[in-house]
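Sending over a structure as structure tokens; questions will come in a sec.
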Amino acid sequence: MALSLARNPIHRSLSSFRSRAFKCSMAASSIRVGAVQMTSTNDIEANFNTCSRLVKEASIAGVKLLCFPEAFSFVSSRDGESLEIAEPIDGPIMQRYCSLARESNIWLSLGGFQEKGPDDNHLHNTHVLVDDTGSIKSLYRKIHLFDVDVPGNMVYKESNFTTPGDDIVVEDSPVGRLGLTVCYDIRFPELYQLLRFQHNAQVLLVPAAFTRVTGEAHWEILLRARAIETQCYVVAAAQAGKHNEKRESYGDSLIIDPWGRIIARLPDRLSTGIAIADIDFSNIDSVRTRMPIANHQKLGTWRKAPCL
């Protein structure tokens, strides 16, 4: 089932979602998730208000895990601004989101968050997973940093102010075994292979803030490829539209099934809203049984051909 909650003329009534959510709860093999699409700015309070509203709407719609995009709580408008507002995970910004999860009885995927780093010149781009009691279950610090000269756009150097992580993170949840990643990680399939074949992930989370240029070229293709090659659901929450005069994100939040089919997206890739779909565990089992690539996997067993 694919649903959407968006601030636009085709916004469905919440009463219809209550009915659908009840029907969904009767099916033990599926559970509902949502991927937020939003346009964060450097106004922390305004961003929190948007997130709070979306959490309440998702809860009414029967969503058990709501995924927010990278930089959900803050997008800088000038160099150095992210370092100025970076906080420890137990700081007041993250604690407000933990309270939001507890009050709405919903799991939240929050990433990446500007976590205070090892020194005053660096932060961590951290994906935080919060359960429905408001407790932090897992932290994933983004491994692959975006140091790229985007064609026809601008130069990004995330490593100038970000310290990469080095741990692969999975976590069991009501919506399956989750593999945590962030944005640029999506271009490195080895990470997703490890999440699936060594850590048994069922659902891959990809919060992102893709640029308009790279999003138009590669966003959907990369996400569907990761879903197909791992036979996992992919939940990709995206930043969308113009954050300020210098920064613009592609948008297009997506939920993709293990066969590579898009099962939820908003009708407008720049609107604020939630793409909603049901994670069907029987579908995961079916795809993996019919095409048992885990049994055929040869990663790390190849031998170098002898030189002639």
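The values are calculated or read from the model by the stated rules, or taken from the named source; none is laboratory data. All values derive from a computational prediction rather than experimental measurement. Note: ideal-geometry Cβ built from the backbone for every residue, glycine included; neighbour counts use all protein chains shown. In case anyone asks, the SASA skips ligands and DNA or RNA and just uses the protein heavy atoms, side chains included. Shrake-Rupley method; radii C 1.70, N 1.55, O 1.52, S 1.80 Å.
For the chain, what proportion of DSSP beta bridges, expressed in % and rounded to the nearest 5, is antiparallel?
70
³J(HN,Hα) across region 282-290 via Karplus (A = 6.51, B = -1.76, C = 1.60, θ = phi - 60°), whole Hz, x for Gly/Pro?
Computed from phi, the couplings for region 282-290 are 5, 5, 4, 4, 5, 4, 6, 6, 6 Hz.
Roughly how big is the chain's charge dipole about its Cα centre, with Cβ charges of +1 (Lys, Arg) and -1 (Asp, Glu), in debye to the nearest 20?
Around 1240 debye, computed over the chain.
Taking only C-alpha pairs under 8 Å that are 6+ residues apart, what is the relative contact order of region 108-245 in percent?
That works out to 18 percent.
Stick to the Cα atoms of region 101-248, pair each with every other, and give me the Kirkwood hydrodynamic radius in Å at one decimal.
16.0
Taking volume of the Cα convex hull per residue in Å³ as the quantity of interest, determine which of (i) 145; (ii) 162; (iii) 134 was computed from the displayed structure.
Matching the structure shown: (i).
Run down the aspartates and glutamates and flag those whose C-alpha is under 15 Å from the C-alpha of LYS298, throwing out any fewer than 8 positions away in its chain.
Straight-line reach from LYS298, under 15 Å: GLU190, GLU229.
Per residue of the chain, what 222 nm ellipticity follows from adding -39500 (n - 2.57) for every DSSP H run with n ≥ 4, rounded to the nearest 500?
Here the helix-only value at 222 nm equals -9000 deg cm²/dmol.
Next question. Under 5 Å between amide H atoms, partner at least 5 residues away or on a different chain: which partners does GLY251 have, H built in plane at 1.01 Å?
Excluding prolines and chain starts, which carry no amide H, the hits are PHE210, GLN239, GLY241.
Which whole number in µm²/s is D for region 214-308 by Stokes-Einstein, with the Kirkwood Rh taken over Cα pairs at 25 °C and 0.890 mPa s?
Translational diffusion coefficient: 158 µm²/s.
Taking the Cα-to-Cβ direction at ILE293 and at PHE188 and moving 7 Å from each Cα, how far apart do the two end points lie in nm?
Going from the ILE293 label point to the PHE188 one covers 2.0 nm.
Can you give me the long-range amide H partners of THR162? Hydrogens built in the peptide plane at 1.01 Å from N, cutoff under 5 Å, separation of 5 or more residues or another chain.
LEU123
Long-range amide H contacts for GLY111: which residues qualify at under 5 Å (H placed 1.01 Å from N, peptide plane, sequence gap of 5 or more or a different chain)?
Distant-sequence amide H within range of GLY111: PHE68, PHE72, VAL128.
Thinking of region 171-247 as a set of Cα atoms, what percent of all their pairs are more than 21 Å apart?
Distances greater than 21 Å cover 28 percent of the Cα pairs.
Moving on. Nearest 0.05, what FRET efficiency do GLU158 and PHE197 give at R0 = 45 Å with Cβ-Cβ as r?
Efficiency, rounded to the nearest 0.05: 0.95.
Next up: Leaving ligands, DNA and RNA out of it, report the carbon-plus-sulfur percent of the accessible area of the chain at a 1.4 Å probe.
That fraction is 51 percent.
Between SER73, GLY117, LEU100, whose Cα lies farthest towards the positive end of the dipole of region 71-156 when Lys and Arg beta carbons carry +1 and Asp and Glu beta carbons carry -1, centred on the Cα centre?
The listed residue farthest towards the positive side: LEU100.
Related question: Ignoring ligands and nucleic acids, what accessible area does ARG187 show with a 1.4 Å probe (Å², nearest 10)?
Rounded to the nearest 10, that gives 80 Å².
Local charge sum around ALA208 (other residues, Cβ-Cβ under 10 Å, Lys/Arg +1, Asp/Glu -1)?
-3
Mind listing the phi-derived Karplus ³J(HN,Hα) values for region 30-46, rounded to whole Hz, using 6.51, -1.76 and 1.60 with θ = phi - 60°, and x for any glycine or proline?
Taking θ as phi minus 60°, the curve returns 9, 8, 8, 10, x, 10, 6, 10, 7, 10, 6, 10, 8, 9, 4, 5, 5 Hz for region 30-46.
Ignoring ligands, DNA and RNA, how do ARG226, ARG288 rank by accessible area with a 1.4 Å probe, largest first?
Listed by decreasing accessible area, they come as ARG288, ARG226.
Let me ask another. For the chain, build the charge dipole from Cβ charges (+1 Lys, Arg; -1 Asp, Glu) around the Cα centre, then report which of ALA294, PRO151, LEU180 sits farthest towards its positive end.
ALA294
Further question: Ignoring everything but the protein chains, give the 1.4 Å probe accessible area of ASP285 in square angstrom, nearest 10.
Surface open to solvent at ASP285 totals about 90 Å².
Which order do you get for ARG102, ARG265, ARG53 if you rank them by accessible area with a 1.4 Å probe, largest at the top?
ARG102, ARG265, ARG53
Which entries in the list LYS56/LYS246; LYS64/LYS142; LYS56/LYS142 go over 26 Å, if you measure between the two C-alpha atoms of each?
LYS56/LYS246; LYS56/LYS142
Keeping all protein chains in position, work out how much accessible area SER77 exposes to a 1.4 Å probe, and write it in Å² to the nearest 10.
40
In square angstrom, what is the accessible area per residue of the chain with a 1.4 angstrom probe?
Per-residue value: 45 Å².
Show log10 I(q)/I(0) for region 119-200 at q = 0.11, 0.15, 0.22 Å⁻¹, two decimals, from a solvent-free Debye sum over equal Cα scatterers.
-0.36, -0.63, -1.07
May I ask which residue of LEU205, CYS307, ALA227 lies farthest towards the positive end of the charge dipole of the chain, with charges of +1 (Lys, Arg) and -1 (Asp, Glu) on Cβ and the Cα centre as origin?
ALA227
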